[in-house]
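What follows is a set of notes on a single structure, which appears directly below.
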Amino acid sequence: LYDRDGFIWHNGEWLPWREATTHLLTHTLHYGMGCFEGVRAYAGPNGTHLFRVAEHTRRLCDSAHSLDIPLSFSAAQLIEAQRECLGRNGLTNAYLKPTVYFGAEGLGLRAKGLTTNVMVAAWDLGDYVSATASREGLRALTSSWARHHVNISLCRAKTNGHYVNSILALNTAVKAGFDETLMLDPEGYVAEASAANVFLLRDGVLHTPEVTSCLQGITRDSVIRLAREVLGLEVQERRITRDELYTADEAFLTGTAAELLPLRELDGRRIGAPGREIAPDSVTARLQGLYRRVTRGDLGEDLLAYQKWLTPA
Ligand code: PMP
């Protein structure tokens, strides 16, 4: 990833990609105390746009504030950096990673006078999973690793260090031959996948875990709105047990990178109707289609209200 042309925004300056390095004693490298976002840009009918960049940037600022990391850039400046990052790198369909981290001015846990650094890098993002997986769905394994607890970490903050837990869970599942992992909260209720939120449909009602252990996903929010406002579905945010997923009519994952992916199997139990591909008239397929249209700016009359989620790059 580091040997290529392009520019990375760093504290207000544009660094040539290959020169965008940092010191080995960078505090965040040692303790994971930092926060980041994952944002997507798409090619639309009127050029490239960022999807819900204001909400992502707000979550980044909230993460930094909760972690008590002082930020010297405003949300508006950070949005501008993300917009410009696309043009500077000639990108249309892209993944952007704004990241806030401490510098190398000190290394103990008590280090004082650390500078806050902010960077924005962007690159082409192919599909998160194959087109087949996106139609046929993923096979997941419930993890033996619990997701974070509100009294152990700040679950609403997208903290770098949180992802050790995600990677441990994901690697165990992938080594065992699964596509994804399902993580439970410390009490055993369904939390989320390694980097995506989870939903289930039963008797026409959509259910998703309340935001305690799981990240307050922006795709989760987009999908809840599309389900309620466009499909007229009831959506409940509440505690969910793993057997509810086993016996769901449908289930899917949501995330900026993952978008909306069907969950077809959990711990060897098939979820929903038999058949290789999810039915085109299923709620999963319809929400997948709506999410696809909204993110790509293919709005039409029915989705015009969601224009507000698109920021021209
Ligand atoms: N949970 C975790 C742990 C994640 O990393 C992500 C990806 N950011 C999500 C959920 C989904 O969040 P979003 O829809 O905002 O990308």
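The values are calculated or read from the model by the stated rules, or taken from the named source; none is laboratory data. These numbers were taken from a predicted model, which means no experiment stands behind them. For neighbour counting, all protein chains shown are included, and Cβ atoms are generated from backbone atoms with ideal geometry for every residue, glycine included.
Close contacts from region 219-243, counting a first residue that is touching a residue at least 40 places away in the same chain (Cβ under 8 Å) and a second that is more than 15 Å from the ligand (Cβ to nearest atom) and charged (D, E, K, R), with Cβ to Cβ under 8 Å and a gap of 6+ residues or different chains, come to Val230/Asp302; Leu231/Arg286; Arg242/Asp267.
For region 44-66, filtered to residues that are of a type in the set (S, T, N, Q) and surrounded by fewer than 18 Cβ atoms within 10 Å (Cβ to Cβ), the residue that is nearest to the ligand (Cβ to nearest atom) is Ser66.
Scanning region 226-265 for residues that are hydroxyl-bearing (Ser, Thr, Tyr) and within 15 Å of the ligand (Cβ to nearest atom) yields Thr254, Thr256.
Conditions (1) among the aliphatic types (A, V, I, L, M); (2) under 21 Å from Tyr163 (Cα atoms), marked per residue:
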position	(1), (2)
Ala20	yes, no
Arg40	no, yes
Phe51	no, no
His65	no, yes
Cys85	no, no
Thr99	no, yes
Gly103	no, yes
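Looking only at region 129-141, decide whether some residue is part of a helix (DSSP H, G or I), without any contact (Cβ under 8 Å) to a residue 40 or more places away in the chain, under 26 Å from Pro262 (Cα atoms) and away from the ligand (no atom under 16 Å from the Cβ). Yes, because at least one residue in region 129-141 is part of a helix (DSSP H, G or I), without any contact (Cβ under 8 Å) to a residue 40 or more places away in the chain, under 26 Å from Pro262 (Cα atoms) and away from the ligand (no atom under 16 Å from the Cβ).
Among the residues of region 193-209, count how many are within 13 Å of Thr284 (Cα to Cα) and either among the aliphatic types (A, V, I, L, M) or within 13 Å of the ligand (Cβ to nearest atom) (or both). I'd like the intermediate steps shown before the answer.
Residues of region 193-209 within 13 Å of Thr284 (Cα to Cα): 198-202, 204-207.
From what's left, either among the aliphatic types (A, V, I, L, M) or within 13 Å of the ligand (Cβ to nearest atom) (or both): 198-201, 205-206.
Residues that pass the stated criteria total 6.
Residues of region 13-43 being of a type in the set (S, T, N, Q) and either at positive phi or surrounded by fewer than 20 Cβ atoms within 10 Å (Cβ to Cβ) (or both), which ones? Residues satisfying the conditions are Thr21, Thr22, Thr26. In region 199-217, which residues are within 16 Å of the chain's Cα centre (by Cα) and either more than 17 Å from His162 (Cβ to Cβ) or of a type in the set (Lys, Arg) (or both)? Once the filter is applied, which keeps residues that are within 16 Å of the chain's Cα centre (by Cα) and either more than 17 Å from His162 (Cβ to Cβ) or of a type in the set (Lys, Arg) (or both), region 199-217 yields Phe199, Thr208. You will find that of Leu50, Leu29, Leu24, the residue that is in the same structural domain as Tyr95 (by TED's automatic domain parsing) and part of a strand (DSSP E or B) is Leu50 and no other.
Can you confirm whether region 108-115 contains a residue that is among the charged types (D, E, K, R) and either farther than 30 Å from Arg286 by Cβ or not assigned by TED's automatic domain parsing to the domain that holds Asp281 (or both)? Checking region 108-115: at least one residue is among the charged types (D, E, K, R) and either farther than 30 Å from Arg286 by Cβ or not assigned by TED's automatic domain parsing to the domain that holds Asp281 (or both).
Being in contact with an Asp or Glu (Cβ under 7 Å, 6 or more places away or on another chain), more than 11 Å from the ligand (Cβ to nearest atom) and over 14 Å from Leu266 (Cβ atoms) is a description that does not apply to Thr172.
For region 196-206, state whether one or more residues are among the acidic types (Asp, Glu), touching a residue at least 12 places away in the same chain (Cβ under 8 Å), farther than 25 Å from Tyr31 by Cα and not assigned by TED's automatic domain parsing to the domain that holds Phe36. Give the steps one after another, and end with the answer.
Within region 196-206, the subset among the acidic types (Asp, Glu) is 203.
Imposing the further condition that a residue be touching a residue at least 12 places away in the same chain (Cβ under 8 Å) reduces the set to 203.
Those left that are additionally farther than 25 Å from Tyr31 by Cα: 203.
Subset that is not assigned by TED's automatic domain parsing to the domain that holds Phe36: 203.
Checked region 196-206: at least one residue is among the acidic types (Asp, Glu), touching a residue at least 12 places away in the same chain (Cβ under 8 Å), farther than 25 Å from Tyr31 by Cα and not assigned by TED's automatic domain parsing to the domain that holds Phe36.
Of the residues making up region 210-225, none is over 23 Å from Glu37 (Cα atoms), away from the ligand (no atom under 11 Å from the Cβ), surrounded by 15 or more Cβ atoms within 10 Å (Cβ to Cβ) and not charged (D, E, K, R).
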